[in-house]
Every structure is written in structure tokens, then in C-alpha cells.
2 protein chains.
Amino acid sequence: MSSERLIYLPLGGAGEIGMNTYVYGYGRPGKERLIVVDLGVAFPDMDSSPGVDLILPDITWLKERRDRIEAIFITHAHEDHVGAVAHTYQDLEAPIFARTFTANIARRKMGEHGHPEDAVQTVGPWPHQQGAGPFQVGFLPISHSIPESSAMVIDTPQGRVIHSGDFKIDLTPGVGEPFDPALWEDVCKDGVKALVCDSTNVFSTHPGRSEASVGPEIEKLVSSASGMVVATTFASNVARVKTLAEAGERAGRSIVLLGRAMKRMVEASAETGVMTDFPGTIPPEEARNIPRENLMLLVTGSQGERRAASAQLARGKYQGIEMKEGDLFLFSSKTIPGNERGVIRIINQFSEMGVDVVDDSSGLYHVSGHANRPDLETLHDIVKPQVLIPMHGEHRHLREHVKVADAKGMKGVLAVNGMMIDLSGNKPKVAEWVETGRTYLDGSVQVGALDGVVRDRIRMALNGHVTVTVIVDEEDEPLGDPWVDMMGLPEIGTSNAPLMDVLEEDLSQWLGRANAKTLRDDDAMHNGLKKVVRQSAQNEIGKKPEVTVVVSRLS
Amino acid sequence: MSSERLIYLPLGGAGEIGMNTYVYGYGRPGKERLIVVDLGVAFPDMDSSPGVDLILPDITWLKERRDRIEAIFITHAHEDHVGAVAHTYQDLEAPIFARTFTANIARRKMGEHGHPEDAVQTVGPWPHQQGAGPFQVGFLPISHSIPESSAMVIDTPQGRVIHSGDFKIDLTPGVGEPFDPALWEDVCKDGVKALVCDSTNVFSTHPGRSEASVGPEIEKLVSSASGMVVATTFASNVARVKTLAEAGERAGRSIVLLGRAMKRMVEASAETGVMTDFPGTIPPEEARNIPRENLMLLVTGSQGERRAASAQLARGKYQGIEMKEGDLFLFSSKTIPGNERGVIRIINQFSEMGVDVVDDSSGLYHVSGHANRPDLETLHDIVKPQVLIPMHGEHRHLREHVKVADAKGMKGVLAVNGMMIDLSGNKPKVAEWVETGRTYLDGSVQVGALDGVVRDRIRMALNGHVTVTVIVDEEDEPLGDPWVDMMGLPEIGTSNAPLMDVLEEDLSQWLGRANAKTLRDDDAMHNGLKKVVRQSAQNEIGKKPEVTVVVSRLS
């Protein structure tokens, strides 16, 4: 047996929904030539990552092996697959390959970050194959909720691996290529070593519905509306955006696109030719002169994002347009778990305006972009891999998908982020554990999720903050009284005295009792003063704040 | 027409799910005698109320009219109806009336806060009526997911008002009284002026299911499990807790109750006689000696609460008990919108342990405690009120419920918190707008939601915090260099220098250029130094932190 091996290593996306980043390698252990499939982001939330702008995969392992990276392949243009391309470019500097539409989006990102746009190379779909060291990689079209989504056909000296990317089985996707069973059967006919497979909807037991099924329902709804109609969906779901626009056009409405992503995606689809015949649109300025029953707005913000068009309309005017009683707002989208609060906030704001809101609870106006369990099984049955490795899922999804695989006689392998799997030979095994994690884009700086920066912010959010200032003179004696500044704490405690006064009094007493040795010792001073504040606050307000102690020595 | 009027004023619960607090009054305007129905809490979240322990209604309006409050009536023992009773007792000091089980729970709360338990008086169900100034109030049994839930029959000189409380139409609720249509018809036969009605499930268009329907499914699931079974539900849903325990007992399992609320609720149900024949339980210590296939735990934490038993089991051991591969965890509950992240976290932790998790997605193991739209209409049809006032709902629920009422020829009135409705005469009208809001229990202190305390904490969570210390000598000259302490900010900025050094350097330069007038002026110093920090940080890390400036003057 060869001493070379074929490895699979997820750095993001296996054990979470988001920041998909998968590595394949071939060569002698520790010398493998590498390719990366997808470089995505995840989104922060107030619970675990307040103030953070984006979550990137920790790519330390890749950086340290930069000279071994042959290429980066992007399956499709969703943020959780392409979003980190520009943020990681300087660290990896490998050529990036994608199909036309995806490449268009990736190049825009590179441009915005001042990186060379030609680092992104456009490649055609299967049967074209792109060489990358020991690999030959093809983009095999597969249907999803964005144009030109592709599975990666990764040919290696040890056989063919198929990385599904995100997908559903859709024979009538509206925009983009329908799933083509014959083509897939042909690609898989000589045997597939491993299928690395989307797991998002493994718990959905009914067969998925086609994108085409929502058109008639949306048309019925829009044509029966009497006021202005505003609809939101993921901007990148250009098939849906087109369906919505066409429904508006047929109802005699002028179409307005609101929100940066909405305009960008429609533009990119037109530029790359993946979408033709999109209805004409008018700019928001013109909309003001058109009767509202002749208007339809397509807006960003299906997840209730505070700064998106939908949330701004819910709070008042956006670009001169205002919603009114009798208007209709349609969520042609599903709320991603965790975003419920933001979405519900908007719905209630619209309710206060007298706007009727239609969401996805009826199931009529949205279909998922991911394969449900029966459709996953359809793909399994076509590909017939020796090994099935679930990806794109939380642990519960991966585990369930392994069960499905095992029940069908495939060998299922549960590989989470950082678990390097050796696919050589007939029995996949864990080759190594790689340290992985999350990197936060925080303002303009990248910080490690475990660096403590965000942890400290969470602590201040929970406990408030107190600054204690003490001046110590040349003889190591306190000069005047200690001084307290508070942020995020109540002014009055249970003793009914101002909290600040109580803290300052307790600090003064402690300082008065402190001996010369303590007064000379910065650590002792910090710890002592901090302890007094926390204990005193606990008594007064039932809370131990975060404390910054500043001891200024005149000596 | 009399110069006396009948008023309805929601102070909490109308325009939100939570902190139900409704006021009724009768008398001359401004002199009405008042009763309060329910005094509930809402729960904080990291997005809008980090660090807060509980959210209470703002009862300022009631406090200012304390001498006019005749009584407080509690419909049932859920936290969003009874949770604020002890926290507001000192401000209101009115007698509290409740039925046996609710009174038991309320008294425990009073005791925990050192208030007299006999402030809570037990009253029997309808036809008993409790006098309260101009009102006669009866507790009319209605089915819900907790024992002895009751509607309030409020007889006033201007007619009968029915306040539904939380309810569903359940003829077989397991524990507690079945809904009794004949009794309700009798109570309503002489005409009802207004029905103030639960709106929670107005968007659910299918008829609700009885509590009795989950029993057989739970029994099937538990009897087929091979490892330990752990189930969670709201502890106060004692019918469900009993169903779960009985399923365990029938499967030959010993029952263990874990979590304070679980034990308290089972105890209260037994003490008050609302539940009989609860299977025997064993303490957690004994459980360790019993084979896991003979154990069933009933635990708190159905909403993923971090400190509850379920979350602790998901992280590791709890009271010496540990879950293992092959065990089963059952959520016999629905995730309340906003709690998804916490619940999903637990499910994935269990998945990592190899524990199978069954949630409510099948609809088999949980039924709602609230009336769906058809059941709301059943109650409307029995009560036949002149006016329907939706409550217990967000704005969207209230608005939809008004639409349902109007479609049936009742007069629907949309009244949100603070909207005082005059129910006198034939046409209800808005009498007054009362300022309402939320009060945060923050540690041991109550602070107003708009006091800025929590806003400052959120800002620190988003932006981090910087302390700047400057010492100014007797001649108003800076003594030494300014000093920076940071919390929740990255150490290194885009210039690759330590952020602290950059800030201190920029502050020094500013101080060096500051003129004598600025140096003498505390406000100018604060504003100037703060501005430097924010601008400098914006350049370095793309973020403007919160800043505390301490200028210590030796003069």
C-alpha cells in the first residue's frame, strides 16, 4: 500500500450551520497537497458574540501550511460559503476557482477589500476539470436556492470524492440548472469513494418541494392585495426574487428593489446571464409618484436584521417610502433559528401601522433550499458512495445523517470540525485532531473567539462596570479619597444611599486600614480595592460588577 | 346617565406575551375604586436586557393610587401572572385573592421575600363571589396547562365582565377541572358586557388538542426506550408531569424529580389536593444504584435555561446523575420564540453524548395550553359579549383577535398597555393614556427600563470600554502621561502596535496641545479626551468604545 494518503478535514461547518470550510489533502502524511472547498462566515448574536461583525473560521492550520495549498474552490455564492474569501486572502493567497455567478460575487468582495479581483478565476461546469496538484476538480451542477450551485467532483489518485455543497433535488428551480439525475448517474457510475453531504434538513421527513411551487401562490396573494405590497426573501435567492417581481408585474405593479444586497444580486444575475427577463424596476424616488396599489417593493431583511430595509420600513420611512394601513408585507422566507426575536419585532411594528403581515406559517410562500431526508436518500442512491460523511449541520444533524447512512448500508462517518479523516484504504479512520475555532471580525480587527475580548464585553453587559481611581503620593500614602465611576449600574442601592457614595466610603475605610506594605504593592492594591467594590456592590445591589482599578503613583 | 364609569386598563400583557397586569375600576372619573387582575413577570434576554433577573410591569400608576386598590386577584399560578406578587407587595399592600393551588404558590413567594403569607387569601370557585368595593368577583374554572386556572367573573354596577385568564377548551385535562360548557352558558346567560380574552394562539387555525391526547404517545415512547429516559416540561404543567411519571412507572421505571421548580410544583399539587395518585419518587442519591433502563428523570429547563437541570445534564453531571449513549431525552414542551438558541445548544450537547433527543416537531408529545382560533370562537359563542377586548398577546395577536371578533359581529377593541378604556354605555372609548413600561429587577434593585442602566451595559457589550486617567497638578498642568485601561477590546489594532500605546500617545499629544483654559475646565477635558479615544480607536480597530475619563486634580 502506498504511503500516501487522502485526507478530509472540516475547519468549519461540521458541527454548526455556518462558516463552511473543508480541506482535502493528498500526499505523504504531513506533506499532503491541499485544496480548500468553501471559505464561509457565520453571523454573530448578542448572546455569545456582542459587538462582533462577522465570524470567520480559524484558519491557523491552513496559514501554517500555506505553501501546500493548491487552490480554493467555492461551491456557491452564499455568505456561509464565500463570505470569508476576502478576509482570508492575505493569509492564504491561493488561487480561487468558481463558476461565473459565484466568481462575480467573490470578485466584488475582493474589490471591496482592495484585493486583486483576478485572484478569482472562472471555471466552467462539468465535464470541465480544473487541475490542482494531485486533484482534478469539477463543478457538477446541483439545484439550490442560488444560481450555479455546484457539487465538487474531486478526483484523487485514490478515487473519486463528491462534495455535495448545499443542495436540494429540484427539477424546476426557476433560475439556475435543474437537478439532472442522468448526469449525476453518469458521473457516479464507476464508483464513488466518499460522498461528503449537506445535512441541514435531515430531520425533515417529507419530500421537499420545488421552487416552482411557490409562484402560483405568490401570484394569487399579490393580485388580491389592495394596498402596497412589500416582500422580503434572501436576496441571493434570485429565482424567488424573480418570481416575486413577476407576480408584481402581472398585477400591474411597478417593482422597486430596496437594500444593497437586493440590487447587487439582481445586478450580478443579469451581468452573468444566469437570469434573463427580470421585470423592469424603478428607483425609489419615482415610487413616490405612483399610487401605492401599483407598487411592489422587494426588500432585504428577511431575518429581521436591524439595519436592513425591512426593519427600517418597520420603524418608519426608508428612502422616502412609508408603509401604511392596508399594505401587505410578505415574508417569502423562513426565520433561521435564533432570529425569531428580530422578525417578531418587525411583525409587531407593522401590526401597529395596520399593515397585514403574511409569513411562512402556511407553507405556501417559501420552500427550503436544502434536501429533506427523502431527497438526501435520493442522492445517496444515485451516488452510492462507499463512505458517507455528513457536513453542513450541527452535531445533531450530522449524527442523524450518519444513522440514515448506516441504515442504508453505507458507512457513515461523523466528522466534526478539526477531525482529520484518513480516507485511504477501505476503512476511514481519524488521522489527527486539529485545533479549530472561530475568529471574530470585530470592527476592523480579527480576534480569536477565546482571546477573552468578547468574554469581557459579555461580563460588562451582565454585571456593569466600576472604575476605581486612587492616587498615592511620594511617601506611598493615599492622596485624598478614592474615586468611583460607574457604568451600567443603578444609582441607588438597597440602603437607599447613592451606590457611588457607599462604594467610595467602603474603599476609603479599606485604604485607611491598609498597611504600608499593601500600599506599596500594586497587585495587593488592585486586588484589595476590587474585592471591596465587588463585596460592597453585592450587598447594595445584589451584583458584582467588573472593576478597573487605577492606582496613580506620584513617585 | 350616571357620572360613574367602568374602566379597563392593561398595565402589562397587552402588546406582549408576559407580565400580565390588568386593572378594572368603577366610580367617578379619577376616583374609581380599583381591582387588579394578575401581577406577572416577563423574562429578560441578552439582546435587550442583559444581566437583568426579571422584568416587572411598571406599576407607578397603581402606586400613586394605592388607597383606591380594593384587591388583587390572581387567575392562575404561572409566573407571567403571579410572578410579581411579592416584588410589588410593599408598593401596593392590597389583599391578594386566589384559589387554593395558586394561593399556595403565591404564599411561597411571599414567604421567600419575608412578606406576610396571610396577605394571600384563598377563595373557592364560582358560585362563590368575593366582594371588592363596587365589584363582586368570582373564580370561574377554565382549563389551562396548570391546575385551577380561572376566568374572573367581574360583576359591576354596569354589568358583568368576564376576564378569561389563560385558557384552552379541554374536556379531558388530566389534572384540574375540565372545561364545563353548561356552567359557562349559565354564567353568561343574562348577557355579558365585555369579554377580555386570551389571544396567544389566535393564529393557530386548527382546533386545539386535549391534554389527554399526549398520554398514549408518551407511554409508547417511554416503554420502547432502552436506556435512561429524561423528560422535561414546564413544572407547573402538573398534568403533564403526572402523565410522564405514570408512563415511567408503567414501564417499570423509578421516578426522580430534578430541579427546584419540579419538586415545588409536585409538592404544591399534593398539598392542595389538586393532584392525587402521583407515582412514588426516589431521591437522586438512590438513583445511582438503579440500572439506567429502570430510571426516568423529570427535569426542569424545557426552555434551555442555562442553570436548569436539563442544561446541567447536557453539560455533564447533575446531582450525581450523568446521561450516556443510548439514553433518551424528551422535550414534552414547545420552545417559546426567542429561546431557540438555548434549546438547540442542549440538543447538540446531548447529541455529542450519543443521547437521542425527541422534541415536539412531531406534535405527538406536547399540546398547547392556549385556545386556538376555533376554540377562541367557541368561547366567544358561549359568552356572546357586547364587546371583545383581546389581551395576552403581542400587537399582532391582539389585532388579529379584533378581526376575528369583528367578523363575528362583536365589537372588538384593540387596547394595548396604558390604554384606559371606558366601558360605560354602549360604545367603549379610550378614556386616557397612562404611561406604562417595564421595571427591571437587576440583582436586588429595581430599575426603570429606560433609566439608561441597561442601555449603558448593552453599549459596553457592543463597543468595549476604555478608562482614561489624567492627573493635573496644582498649576493645572498635566502630571505625567495619561493612562489607559481597556476592557473588551483587542490588544492590537490595524497599525500592528498595541492599541493601548496608540491611545496613550494620541492622548498625550492632545494634552500637550491643550491650552490653559481647557486644562482648567473639567467638562472640556472629559469631552476632549473622550473624543480622542473614540477617534483613535475608530482608526485602529474600527470601533468607538465607551469611555470613562477620570481627571484627578491635586489642587
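The values are calculated or read from the model by the stated rules, or taken from the named source; none is laboratory data. The model shown is predicted, which means the values in this text are computed figures rather than measured ones. Heads up, the Cβs are rebuilt from the backbone with ideal geometry, glycines too, and the neighbour counts pull from every protein chain shown. When the accessible area is computed, the model is the full protein with side chains, heavy atoms only, and any ligands, DNA or RNA have been set aside. Shrake-Rupley method; radii C 1.70, N 1.55, O 1.52, S 1.80 Å.
Assessment of segment B:410-426 against the conditions (under 21 Å from B:L56 (Cβ atoms), of a type in the set (G, A, S) and within 10 Å of chain A (Cβ to nearest Cβ)) yields no matching residue.
Condition test on A:I17, is it of a type in the set (A, V, I, L, M, F, W, C) and at pLDDT below 95?
yes
Which residues, taken from segment A:345-377, are among the β-branched types (V, I, T), facing chain B (nearest Cβ under 9 Å) and open to solvent by less than 30 Å² (accessible area, probe 1.4 Å)? Listed by number, the list holds a single entry, A:I347. Can you tell me which residue in segment B:441-462 is most open to solvent (accessible area, probe 1.4 Å), limited to those that are closer than 21 Å to B:I541 by Cβ and within 7 Å of chain A (Cβ to nearest Cβ)? Selected residue: B:L462.
Annotation: of all residues in segment A:86-112 being more than 17 Å from A:Q446 (Cβ to Cβ) and not hydrophobic (A, V, I, L, M, F, W, C), the one that is surrounded by the fewest Cβ atoms within 10 Å (Cβ to Cβ) is A:G111.
Set side by side, the residues A:G51, A:G83, A:G40 differ, and just one is open to solvent by 10 Å² or more (accessible area, probe 1.4 Å), in contact (Cβ under 8 Å) with a residue 12 or more places away in the chain and among the small types (G, A, S), which is A:G51. Scan segment B:120-154 for residues that are outside any loop (DSSP other than H, G, I, E, B), surrounded by 18 or more Cβ atoms within 10 Å (Cβ to Cβ) and either touching a Pro at 6+ places or on another chain (Cβ under 8 Å) or not aromatic (F, W, Y) (or both) and the total you get is 13.
What about A:V402, is it in contact with a helix residue (DSSP H, G or I) (Cβ under 8 Å, 6 or more places away or on another chain) and within 13 Å of chain B (Cβ to nearest Cβ)?
no
For segment A:206-222, check the following and say yes or no: at least one residue is farther than 30 Å from A:L328 by Cα and among the charged types (D, E, K, R). No, because not a single residue in segment A:206-222 is farther than 30 Å from A:L328 by Cα and among the charged types (D, E, K, R).
When residues in segment A:21-37 are screened for being open to solvent by less than 20 Å² (accessible area, probe 1.4 Å) and out of contact with any Leu (no Cβ under 8 Å at 6 or more places or on another chain), 4 of them pass. Scan segment B:467-505 for residues that are in a loop (DSSP other than H, G, I, E, B), surrounded by 19 or more Cβ atoms within 10 Å (Cβ to Cβ) and facing chain A (nearest Cβ under 7 Å) and the total you get is 4. The set of residues in segment B:305-325 that are within 14 Å of chain A (Cβ to nearest Cβ) and at pLDDT 95 or above comprises B:A311, B:A314, B:E325. Any residue that is in a loop (DSSP other than H, G, I, E, B), free of Cβ contacts under 8 Å to residues at least 12 places away in the same chain and under 30 Å from A:F234 (Cα atoms) - is there at least one of those in segment A:358-375? Yes, that holds for at least one residue. The set of residues in segment B:516-525 that are open to solvent by less than 60 Å² (accessible area, probe 1.4 Å) and in contact with a strand residue (DSSP E or B) (Cβ under 7 Å, 6 or more places away or on another chain) comprises B:L519, B:M525.
Among the strands (runs of 3 or more DSSP E) confined to segment A:1-73, the ones with at least 1 residues that are closer than 26 Å to A:G159 by Cα and assigned by TED's automatic domain parsing to the domain that holds A:V123 are located at A:5-12, A:21-27, A:33-37, A:69-73. Residues that are in contact with a strand residue (DSSP E or B) (Cβ under 6 Å, 6 or more places away or on another chain), of a type in the set (F, W, Y) and assigned by TED's automatic domain parsing to the domain that holds A:V222 do not occur anywhere in segment A:316-327. Looking at B:V430, is it away from chain A (no Cβ under 14 Å) and buried (at least 20 other Cβ atoms within 10 Å of the Cβ)? No: the conditions fail for B:V430. When we screen B:T172, B:T200, B:T156 for residues that are touching a residue at least 12 places away in the same chain (Cβ under 8 Å), in contact with a helix residue (DSSP H, G or I) (Cβ under 9 Å, 6 or more places away or on another chain) and farther than 23 Å from B:A270 by Cα, the only hit is B:T200.
Only residues that are surrounded by fewer than 24 Cβ atoms within 10 Å (Cβ to Cβ) and β-branched (V, I, T) were counted in segment B:68-80, giving 1. Taking the criterion of being over 16 Å from B:P374 (Cβ atoms), open to solvent by 10 Å² or more (accessible area, probe 1.4 Å), aliphatic (A, V, I, L, M) and without any contact (Cβ under 8 Å) to a residue 60 or more places away in the chain, would at least one residue in segment B:229-250 satisfy it? No, there is no match, as no residue in segment B:229-250 is over 16 Å from B:P374 (Cβ atoms), open to solvent by 10 Å² or more (accessible area, probe 1.4 Å), aliphatic (A, V, I, L, M) and without any contact (Cβ under 8 Å) to a residue 60 or more places away in the chain.
Considering B:T300, B:T335, the condition of being within 14 Å of another protein chain (Cβ to nearest Cβ) and hydroxyl-bearing (S, T, Y) is satisfied by B:T335 alone. Being open to solvent by 70 Å² or more (accessible area, probe 1.4 Å) and either in contact with a strand residue (DSSP E or B) (Cβ under 8 Å, 6 or more places away or on another chain) or within 14 Å of chain B (Cβ to nearest Cβ) (or both): is that true of A:R553 here? Here the answer is no, as A:R553 does not meet what is asked.
Taking segment A:401-427 as the range and being crowded, with 19+ Cβ neighbours inside 10 Å and assigned to a helix (DSSP H, G or I) as the test, the residues that pass are A:H401, A:V402, A:V404, A:A405. Residues in segment B:277-304 that are over 22 Å from B:V357 (Cβ atoms) and either part of a loop (DSSP other than H, G, I, E, B) or touching a Leu at 6+ places or on another chain (Cβ under 8 Å) (or both): B:D277, B:F278, B:P279, B:G280, B:T281, B:I282, B:P283, B:R288, B:N289, B:I290.
The selection criterion, being charged (D, E, K, R), without any contact (Cβ under 8 Å) to a residue 60 or more places away in the chain, more than 14 Å from chain A (Cβ to nearest Cβ) and in a helix (DSSP H, G or I), holds for B:K109.
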